[in-house]
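Please read the structure below before turning to the comments.
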């Protein structure tokens, strides 16, 4: 499980960095997903779970406020909520 969380964290961090670097172009979800090597649907779910906002909402925030908004004002990502079985 730890390896999965580490991989997910790295993937979302890479997606946020990509959004930060390309926010002026307003990249599509598919473009960001291709950059981190997952499907758009998978990225949408993981991003929302880890960052608390959708990739699109994160991208629409100005560059100066992007990181703090994507992390809900925290220094680190929150852990995703576990799903009820």
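Any read-out appearing in this document is the output of simple, stated calculations on the displayed coordinates, not a laboratory observation. As the structure is a computational prediction, the values presented were derived from the model and not from experiment. Note that each Cβ is placed from the backbone with ideal geometry, even for glycine, and that neighbours are counted across all protein chains shown.
A protection proxy built from the mean count of other Cβ atoms within 10 Å ranks the segments 18-31, 43-56, most packed first, as 43-56, 18-31. Multiplying the residue separation of residue 13 and residue 41 by 0.36 nm and subtracting their alpha-carbon distance yields 8.4 nm.
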